[in-house]
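A short worksheet on the structure shown next.
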Amino acid sequence: MFSAAAESFLRQAREAQPEELQRFAARVAAQLQGPEPGPEAAACLQRLHLVVAASKYPRRLDGEIAGLLQKVLCSSKCPEQIQLLCAAILREMSPCNDLSLSCDNIQDTKLLSLVSSVLLAQGDKKAEVAAVGQRIVKVLEGRLPEGQSSRYLLPVLSNVISLSPEALTEEQTNVVSKKMADWLRYASIQQGVAQPSGGFFSNPRTRQPGPVTEVDGAIATDFFTVLSLGQYYTEDQWLNMQAFSMLRKWLLCYGGKGLNAPNSGNRSEMDESVMSMVSTTSTSSHLLPPKERLREKAFEYCQRLIEQSNRQALKKADGDLQKACLIEAVTIMDIICKQDSSYVYRAAAFLKVLHSRISGDATYARALLPIAQFFLNHGEMAAVDSDAIYKHLLTDIPAQLFHNASLAFEFVLFCKENSQLFAETSSVFRQSFPNLFKFLAWNSPPLISEFVDLLPFLLDAGTAIEIFHLLLDLPCLTAALDVQMRSTSASERASCDPAVKPATCLEAFRHPLYKSAFQYLLRIESAPEDPPERLIPLRQLLGSLASSPRVVQCADTVPVLLELFFSVVAEFADGPLINQLVVLLLQRSDQLYEIPAFKDDVHRVLSSQLVMLCKLHPALIVELSKELLEFSGTVSNIQNKEAVFTHVVWAIGEYMSVSYDKRCTVEQINRFFETLEAVLFEVTQVRPLASIPSYAPRAITVLMTALTKLAARSQDLIPRVSLFLSKMRTFLQSPAVTSVYCEEDREEILTRATELMNLLKMPSVAQFVFTPSVDAARSRFQKEVNDTLPSALRIVTRLLEPAPGFVPG
Amino acid sequence: MTPVLGGVWAQWESCGPPPPIPPRMMQPHFGGGRARRDPRGRTGVLTQIPPPRRQVASHCHLHQASSGRPPAPPLPEDPPSLHNAPGGLFRLAPGDPFPQGTSVAWLAAPSLAFALVCDPRENLALAEGTLRHLAPRLLAALRPPGTGVLLRPDAADLLLDRLLPHGQLLFLSERFLQAVDRELSPACW
């Protein structure tokens with residue numbers, strides 16, 4: 001296999017010994033010291049590069065070879081390939097103490113760019129970044145020698161300001177800002193000419209180039225931009241393209257008051273109250289200071305790009321570029337408005353028109369995000385009612401375009417970044433969470449970590465219940481979205497006979513029996529009043545899609561989100577909400593989409609969260625006694641949802657006590673006792689000549705323990721429990737049982753039964769252990785006792801049945 | 001693009017159904033050094049940050065798995081058209097491995113995946129478009145595929161120098177791309 005061969009090749013390179021490497025480096029040096037390094041030198045350098053690059057730890061070459069590489073890099077007679085290789089090796093060795101490279105005397109702009117790449121990789125220990133920055137600006141300011149082009153220098157500058165914005169002085173930034181404004185606004189609108197190839201047959205009279213065109217082929221109507229097309233490009237047109245490419249970064253860094261890192265752009269860092277007092281009309285713009293002039297030209301450029309995006313591009317790549325340009329243009333306008341709020345009115349009017357134009361076009365959906373961002377930032381100032389924009393964004397887009405993975409990603413990031421702002425500005429954000437989850441349901445792997453960040457902002461007392469149901473039904477939503485997509489692309493609309501049950505999910509989509517359930521699941525807005533029970537038949541129907549990969553990927557995200565859900569809810573939930581959640585938890589535990597691993601994982605999370613809720617609000621055991629009695633009394637629950645059952649029984653044993661709720665009466669304790677006793681009886685019944693079903697041993701031990709705890713509080717029950725426990729030995733030794741439970745499990749059950757029986761022989765001790773006072777319950781001692789109950793039981797057992805050699809006290 | 005991170009890592013792995021043992025990611029990376037200045041300041045420690053191979057591989061596999069279809073066998077086109085190749089975006093949390101959270105654009109070519117690590121507020125639509133221009137040209141420049149590819153960082157560097165110079169994303173129309181291709185064509189080695 002290809003990768004195995006490459007892998008072994010890499011390993012060889014990685015395992016080259018230092019002495020081997022030194023010898024090879026010496027060979028390379030010999031090649032390079034010749035008059036003109038040729039293909040053999042190139043081949044050696046390629047191998048050297050691989051060895052240096054492949055190793056996981058920095059490889060050190062001796063100073064001589066490093067010096068030689070630098071010399072060769074800078075030599076004018078050297079072929080470009082050799083120069084590239086030398087630079088690549090030097091970069092791999094960064095940081096390099098033996099570097100004496102400097103960009104000061106280099107006239108060739110391509111070489112300057114290459115040398116800069118090495119210098120900028122050094123980690124700026126010797127102020128290399130500033131040195132490079134200074135040199136680049138100096139070259140840009142001055143006159144370039146014949147045949148040299150500035151276009152190799154702008155990307156270096158962009159790199160410099162990313163690493164160290166303070167590398168340039170204000171004077172230098174003004175120089176560059178001035179040039180950028182000219183490059184952006186005043187590039188030639190005539191196409192360039194082909195470089196003459198020379199030779200005997202070349203025609204010295206080249207055809208006059210025509211004007212540049214727009215992306216749809218029409219003659220350009222205004223100044224040159226990145227969306228202007230020509231057969232060949234002039235130097236200033238290249239600079240126009242590159243200046244725009246770094247414009248956003250430049251403005252973020254130097255466009256506002258004071259210095260900013262190019263990756264910030266946070267609202268708080270920009271001074272929004274700056275009002276430009278200088279006229280911004282183009283006739284007097286040459287009087288503007290460089291920063292303000294650049295702002296003006298940048299704004300005009302963005303307006304032009306937005307207009308140019310209205311054209312139908314002839315080539316697909318140009319169409320894609322139009323969209324990227326639109327996004328960039330809107331973003332830059334946003335930045336400009338933050339830096340100078342006098343632009344807000346112009347921008348807002350312009351962008352509102354743009355929004356109307358593109359809001360119906362699915363291919364431009366991604367551009368709606370920066371537009372919405374603009375109005376979130378400036379809508380108030382522009383006195384624009386942006387609600388319609390948010391509404392369209394949050395209700396229409398996710399419903400129609402959830403399957404567009406890139407849009408989904410950017411949309412969710414956008415929501416994350418603006419969750420605070422959205423919550424303050426508009427209620428439509430909170431209400432449209434069902435729509436947002438469609439992105440996650442369809443594109444689970446890239447979005448789960450973003451939703452983990454987003455979920456807390458969507459959760460409050462008003463949305464908690466609905467979101468709980470939504471999370472449990474998330475894989476169902478994936479299946480429904482799949483059906484919806486197939487339904488919209490289905491070529492024929494089959495007529496739906498309401499009398500006939502639908503055979504497939506696709507038929508069910510339009511069938512009256514299921515239509516409203518689909519609509520509910522696929523709703524675009526929060527609907528807290530609607531009962532989720534209507535999804536039960538739909539969940540069964542969609543079972544045929546339960547093994548689809550996308551559904552399974554979605555199902556994997558649910559346990560994580562559920563745990564997060566509960567941890568957030570725990571912070572604000574009051575008693576009634578907790579009760580509601582527990583009731584729903586019990587109900588939903590068998591209303592889950594039929595994916596086996598999914599159900600087990602959800603049960604696991606629900607059961608541990610149930611315990612957490614009981615700890616928060618122990619009185620729920622009393623308040624929800626009816627539901628809990630019903631749940632714990634249903635024997636089939638032990639097999640269908642063992643984890644939940646076990647934890648419910650544990651919680652009953654733990655919290656059904658007057659210490660936790662004064663309303664806990666003896667009658668209630670007795671009622672619970674009888675219910676659990678009946679279940680335990682059912683579970684430990686040995687029917688002759690019939691095989692017994694296997695119940696989880698943990699369920700049996702927890703039932704026994706719970707009964708014991710209840711008996712300790714209502715001591716009339718002690719004889720009944722003791723009798724029961726004493727029969728466990730018989731149960732466990734019967735042949736039917738020995739074939740179903742393994743020896744370890746039987747040992748465990750028997751040991752626990754014995755310990756509990758022994759404890760009940762000392763009722764006051766049992767009472768103390770099992771019925772702490774409320775204050776003591778919170779004290780660490782009691783917590784330790786409860787946590788170490790099993791060992792406490794063992795100590796008591798030993799006290800009652802001392803083994804030889806055991807000395808109490 | 002965070003320039004010194006050099007942006008593009010070409011990663012060899014089979015994009016077929018996930019093998020029982022996860023494929024090893026080779027990482028001959030091109031363009032830019034790996035050294036990076038620590039944001040604590042000039043005198044901070046220089047850290048070598050490993051590129052996110054594992055995450056890219058995992059997202060490629062998951063994307064492919066979710067489509068439920070086996071990967072189409074690669075056609076012997078020259079160069080392969082990657083217009084409809086699977087691709088996507090995902091996020092790397094702060095600290096894993098870069099100090100600030102970053103977004104990654106990825107593109108899966110037959111048996112290869114490309115990834116662009118972007119600065120926090122980069123134009124992601126442009127990044128995805130750039131990958132779609134860059135990948136077929138890289139594949140063409142590095143023909144024939146094989147271990148020899150590992151020995152040609154200069155071919156890749158040359159392309160990156162024009163299409164992603166110092167990690168800067170460029171707004172290149174089809175015509176600008178043709179101009180770049182013309183400049184590069186006599187220099188093929």
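Any residue at all in the range A:730-746 that's surrounded by 22 or more Cβ atoms within 10 Å (Cβ to Cβ) and either among the hydrophobic types (A, V, I, L, M, F, W, C) or closer than 24 Å to A:Gln609 by Cα (or both)? Checking the range A:730-746: not a single residue is surrounded by 22 or more Cβ atoms within 10 Å (Cβ to Cβ) and either among the hydrophobic types (A, V, I, L, M, F, W, C) or closer than 24 Å to A:Gln609 by Cα (or both).
If we scan the range A:528-539, do we find a residue that is under 24 Å from A:Ser589 (Cα atoms), in a loop (DSSP other than H, G, I, E, B) and under 24 Å from the mean Cα position of the chain (by Cα)? No, every residue in the range A:528-539 fails to be under 24 Å from A:Ser589 (Cα atoms), in a loop (DSSP other than H, G, I, E, B) and under 24 Å from the mean Cα position of the chain (by Cα).
Looking across the range B:114-142, the residues that are more than 15 Å from B:Leu172 (Cα to Cα) and either facing chain A (nearest Cβ under 10 Å) or modelled with pLDDT under 85 (or both) come down to B:Asp119, B:Pro120, B:Arg121, B:Glu122, B:Leu142.
Among the residues of the range A:565-572, is there at least one that is in contact with a His (Cβ under 7 Å, 6 or more places away or on another chain), assigned to a helix (DSSP H, G or I) and away from chain B (no Cβ under 14 Å)? Don't jump to the end; show me each part of the working.
Let us first name the residues in the range A:565-572 that are in contact with a His (Cβ under 7 Å, 6 or more places away or on another chain), namely none.
No, that holds for no residue.
Based on this model, can you work out whether A:Ser516 counts as among the small types (Gly, Ala, Ser) and either touching a helix residue (DSSP H, G or I) at 6+ places or on another chain (Cβ under 6 Å) or within 14 Å of chain B (Cβ to nearest Cβ) (or both)? Judged against the criteria, A:Ser516 is not a match.
Report whether or not A:Ile389 is without any contact (Cβ under 8 Å) to a residue 40 or more places away in the chain, β-branched (Val, Ile, Thr) and crowded, with 21+ Cβ neighbours inside 10 Å.
On the way: without any contact (Cβ under 8 Å) to a residue 40 or more places away in the chain: yes; β-branched (Val, Ile, Thr): yes; crowded, with 21+ Cβ neighbours inside 10 Å: yes.
The answer is yes for A:Ile389.
Only one of the numbered conditions (1) farther than 30 Å from A:Leu157 by Cα; (2) among the hydrophobic types (A, V, I, L, M, F, W, C); (3) surrounded by 15 or more Cβ atoms within 10 Å (Cβ to Cβ) is not met by A:Val52, and that is (1). Scanning the range A:467-490 for residues that are open to solvent by 10 Å² or more (accessible area, probe 1.4 Å) and part of a helix (DSSP H, G or I) gives A:His469, A:Leu470, A:Asp482, A:Gln484, A:Met485, A:Arg486, A:Thr488, A:Ser489.
One line per residue, one yes/no per condition, for (1) of a type outside the set (S, T, N, Q); (2) open to solvent by 10 Å² or more (accessible area, probe 1.4 Å); (3) under 29 Å from A:Leu506 (Cα atoms):
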| position | (1), (2), (3) |
| --- | --- |
| A:Arg523 | yes, yes, yes |
| A:Ser526 | no, yes, yes |
| A:Glu533 | yes, yes, yes |
| A:Gly543 | yes, yes, yes |
| A:Arg550 | yes, yes, yes |
| A:Gln553 | no, yes, yes |
| A:Phe572 | yes, yes, no |
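The C-beta contact set for the range A:410-438 (first residue open to solvent by 40 Å² or more (accessible area, probe 1.4 Å), second residue modelled with pLDDT under 90 and of a type in the set (S, T, N, Q), distance under 9 angstrom, 6+ apart or interchain) comprises A:Thr425/A:Ser386. The single condition among (1) in a helix (DSSP H, G or I); (2) open to solvent by 10 Å² or more (accessible area, probe 1.4 Å); (3) not small (Gly, Ala, Ser) that A:Arg311 does not meet is (1).
Condition check for A:Val175 on (1) closer than 26 Å to A:Phe299 by Cβ; (2) at pLDDT below 90: one failure, at (2). If you go through the range B:143-175 and keep only what is in a loop (DSSP other than H, G, I, E, B) and either surrounded by 21 or more Cβ atoms within 10 Å (Cβ to Cβ) or basic (Lys, Arg) (or both), you end up with B:Arg143, B:Arg152, B:Leu164, B:Gln168, B:Leu169, B:Leu170, B:Phe171, B:Leu172, B:Ser173.
Looking only at the range B:158-169, which residues are touching a residue at least 40 places away in the same chain (Cβ under 8 Å) and out of contact with any Lys or Arg (no Cβ under 9 Å at 6 or more places or on another chain)? Within the range B:158-169, B:Leu160, B:Leu164, B:His166, B:Gly167, B:Leu169 qualify. Within the range B:115-142, the set of residues being charged (D, E, K, R) and touching a residue at least 12 places away in the same chain (Cβ under 8 Å) comprises B:Asp119, B:Glu122, B:Glu128, B:Arg132, B:Arg137. What residue, among those in the range A:347-368 that are open to solvent by 10 Å² or more (accessible area, probe 1.4 Å) and among the hydrophobic types (A, V, I, L, M, F, W, C), is nearest to A:Phe433 (Cα to Cα)? If we take residues in the range A:347-368 being open to solvent by 10 Å² or more (accessible area, probe 1.4 Å) and among the hydrophobic types (A, V, I, L, M, F, W, C), then A:Ala362 is nearest to A:Phe433 (Cα to Cα). What are the residues in the range A:23-70 that are away from chain B (no Cβ under 13 Å), in a helix (DSSP H, G or I) and closer than 15 Å to A:Ser94 by Cα, if any? Matches in the range A:23-70: A:Gly63, A:Ile65, A:Ala66, A:Gly67, A:Leu69, A:Gln70.
Of the residues B:Ala109, B:Ala85, B:Ala105, the single one that is at pLDDT 85 or above and more than 12 Å from chain A (Cβ to nearest Cβ) is B:Ala85. Are any of the residues in the range A:245-257 part of a loop (DSSP other than H, G, I, E, B), over 30 Å from A:Val118 (Cα atoms) and at pLDDT below 95? Yes, the range A:245-257 contains at least one residue that is part of a loop (DSSP other than H, G, I, E, B), over 30 Å from A:Val118 (Cα atoms) and at pLDDT below 95.
I'm trying to understand the selection: among the residues of the range A:82-112, which are within 36 Å of the chain's Cα centre (by Cα) and either facing another protein chain (nearest Cβ under 7 Å) or of a type in the set (Asp, Glu) (or both)? Hits for the range A:82-112 are A:Ala88, A:Arg91, A:Glu92, A:Ser94, A:Pro95. Among the residues of the range A:387-433, the ones that are within 14 Å of chain B (Cβ to nearest Cβ) and in contact with a His (Cβ under 9 Å, 6 or more places away or on another chain) come to 1 in all. If you go through the range A:146-175 and keep only what is without any contact (Cβ under 8 Å) to a residue 60 or more places away in the chain and closer than 16 Å to A:Ser245 by Cβ, you end up with A:Tyr152, A:Leu153, A:Val156, A:Asn159, A:Val160.
Of the residues screened, A:Glu20 is one that is surrounded by fewer than 20 Cβ atoms within 10 Å (Cβ to Cβ), of a type in the set (D, E, K, R), at pLDDT 80 or above and farther than 14 Å from B:Asp154 by Cα. Scanning the range A:586-611 for residues being free of Cβ contacts under 8 Å to residues at least 60 places away in the same chain, open to solvent by less than 50 Å² (accessible area, probe 1.4 Å) and among the hydrophobic types (A, V, I, L, M, F, W, C) gives a total of 4. Among the residues that make up the range A:761-782, is at least one of them modelled with pLDDT under 55, under 46 Å from the mean Cα position of the chain (by Cα) and aromatic (Phe, Trp, Tyr)? Yes.
Summed over the range A:323-357, residues that are closer than 12 Å to A:Ser309 by Cβ and away from chain B (no Cβ under 14 Å) total 2. If you go through the range A:535-559 one residue at a time, how many are of a type in the set (Val, Ile, Thr), away from chain B (no Cβ under 14 Å) and in contact (Cβ under 8 Å) with a residue 60 or more places away in the chain? Summing the residues that are of a type in the set (Val, Ile, Thr), away from chain B (no Cβ under 14 Å) and in contact (Cβ under 8 Å) with a residue 60 or more places away in the chain in the range A:535-559 gives 1.
The single condition from (1) under 28 Å from B:Gln64 (Cβ atoms); (2) of a type outside the set (Gly, Ala, Ser); (3) at pLDDT 95 or above; (4) out of contact with any strand residue (DSSP E or B) (no Cβ under 7 Å at 6 or more places or on another chain) that A:Phe409 fails is (4).
The values are calculated or read from the model by the stated rules, or taken from the named source; none is laboratory data. No experiment lies behind these values; they were computed from the predicted model shown. Ideal geometry is used to build each Cβ from the backbone, glycine not excepted, and the neighbour counts take in all protein chains shown. Accessible surface areas use protein heavy atoms only, side chains included; no ligands, DNA or RNA. Shrake-Rupley method; radii C 1.70, N 1.55, O 1.52, S 1.80 Å.
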